[in-house]
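Structure first, commentary second.
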Amino acid sequence: MTDLDQRIASVLREHAEGEIDSHRLLSASRARGRRRQLRRRAATGTALALVGVLGFVGVTGPDLTGLPGRLPWTAATPPVAAPVPPRADGVPGAAADPARIGTDPQVLHFGVDTGRARYLGWEVNAVVGVETVRLDVAGGPVVTVEVARSAEVLKGTPVEFRPTPPGGRPGSFDGTVQRVALEGTTERFGLVVWWSPGAGRYARASSSQGQDPAALTQAMAALRWDEARRCASPLRLGALPAGAEIGWCSVDVASYPGLITAQFTIRRGADQSMWVSYRYASQVAATRTEGNRTVGGRPAYLSPKGTTLELLGLPRTRVVADFGWPPEGNTRPGAFTEQDAGVLLAGARLAEDPTRPQTWP
């Protein structure tokens with residue numbers, strides 16, 4: 001057991017009896033880290049692509065918005081309605097059946113009143129049993145809401161801006177707002193509130209921005225527990241490799257319609273994982289078409305190390321399957337291979353226009 005395993009286990013044993021499944025928690029930690037990494041790479045890649053497209057013209061001449069002397073990210077643009085995850089027909093919400101929370105990686109068992117808050121992203125981690133939404137509440141600070149069917153699971157899941165326990169430990173799920181130091185500092189704080197919206201439901205709202213607890217309470221009031229929503233994105237996975245299952249789905253629409261990202265974790269057994277990432281960036285005009293493989297009739301590219309397979313010929317879009325885990329080499333029995341990645345990508349369904357959520361598969 002690694003030091004991280006021991007730290008996680010020791011924290012959880014303060015709140016629960018019995019052995020702790022550290023593999024599940026580590027999977028969640030890795031997934032959260034890869035999600036943050038995907039967001040950073042997506043934002044950075046889009047910004048660099050914009051600079052490449054504009055060059056010095058973007059600084060001294062008309063920009064892409066037609067406003068002279070301004071770069072696109074500084075120009076005032078009319079607000080665009082953000083995507084809303086579609087309803088999961090026939091699936092009860094958390095209020096009716098809380099035991100379903102976190103059990104299906106493609107379904108959120110609660111929703112948000114979009115008259116009160118704007119979706120910035122949604123996520124289901126069925127490995128640990130947590131469902132998450134990120135919200136913009138009336139233009140205020142970003143609020144992350146996490147929901148689980150078990151108090152112990154939520155206690156053992158680190159707050160996003162405190163990725164290693166401890167941090168924001170609940171004394172009880174009583175709705176008390178706590179101030180928690182941000183990682184790596186004792187001078188900047190975030191806010192966290194833990195509460196139970198009903199029997200069999202446990203929730204946490206947190207924000208690393210600002211010090212006004214009103215944003216948390218407004219996010220709590222915007223939640224709807226009588227509905228279920230799909231973890232939808234412009235990419236929908238179809239056929240899976242033999243013995244594999246989807247364990248995690250994450251979608252980010254905070255910069256919609258210019259940028260949409262999604263990521264999925266595919267699991268086989270307790271220690272084999274493959275990640276599929278999706279990124280649509282409207283300002284990236286180049287489309288790569290020359291590959292060294294063909295997948296489902298599309299050109300594809302296998303990386304020199306033989307650990308990632310990317311679909312090509314998708315306008316402004318990148319879809320990549322990363323099967324290079326474990327890092328010491330995927331030679332273990334059951335490890336994912338190029339053939340598995342090919343099966344996954346060949347069965348993927350893609351929206352023709354990612355900026356039209358009604359066309360998402």
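The values are calculated or read from the model by the stated rules, or taken from the named source; none is laboratory data. None of these values were measured; they are calculated from a predicted model. Neighbour counts are summed over all protein chains in view; Cβ atoms, including those assigned to glycine, are modelled from backbone coordinates with ideal geometry. Ligands, DNA and RNA are excluded from the accessible area calculation, which covers all protein heavy atoms including side chains. Shrake-Rupley method; radii C 1.70, N 1.55, O 1.52, S 1.80 Å.
Taking amide H positions as modeled 1.01 Å from N, with prolines and chain starts lacking one, the residues under 5 Å from Ala348 and 5 or more places away or on another chain are Gly238.
Run the dipole for region 197-252 about the Cα centre, Lys and Arg Cβ at +1, Asp and Glu Cβ at -1, nothing else charged, and hand back the magnitude in debye, nearest 20. Let's see the in-between values first.
Values: 6 positive and 5 negative charges, 22 e Å.
With only Lys, Arg, Asp and Glu charged at Cβ, the dipole is about 100 debye.
Measuring with a 1.4 angstrom probe and ignoring ligands and nucleic acids, Asp174 comes out at about 100 Å² accessible.
Per atom type, region 237-361 shows carbon and sulfur on 48% of its accessible surface, probed at 1.4 Å.
Set the Förster distance to 56 Å, then compute FRET efficiency between Glu352 and Ser172 from the Cβ-Cβ distance, nearest 0.05. Before the final figure, lay out the partial values.
Working: r = 49 Å, r/R0 = 0.88.
Using R0 = 56 Å, I get an efficiency of 0.70.
Of Tyr256, Tyr301, the residue with the largest accessible area leads and the full order is Tyr301, Tyr256 (1.4 Å probe). Fully extending the segment from Thr103 to Gln211, taken as 0.36 nm per residue of separation minus the present Cα-Cα distance, adds 35.5 nm. Accessible surface of Thr337, taken over heavy atoms with a 1.4 Å probe and every protein chain present, rounds to 60 Å². With a cut-off of 10 Å between beta carbons, the residues surrounding Arg288 carry a summed charge of -1, where Lys and Arg count +1 and Asp and Glu -1.
Using a 1.4 angstrom probe on the protein heavy atoms only, line up Arg134, Arg224 by accessible area, largest first. Kindly include the intermediate steps, with their values, before the conclusion.
Numbers: Arg134 40, Arg224 70 Å².
Largest accessible area first, the list is Arg224, Arg134.
Ligands, DNA and RNA aside, Arg100 has an accessible area near 100 Å² when probed at 1.4 Å. Taking other residues whose beta carbon is less than 9 angstrom from the beta carbon of Pro85, and scoring Lys, Arg as +1 and Asp, Glu as -1, yields +3. Taking Cβ atoms as reference points and 9 Å as the exclusive limit, the residues near Leu309 contribute a net charge of -2, counting Lys and Arg as +1 and Asp and Glu as -1. With every protein chain in place and a 1.4 angstrom probe, the accessible-area ranking of Lys155, Lys305, largest first, reads Lys305, Lys155.
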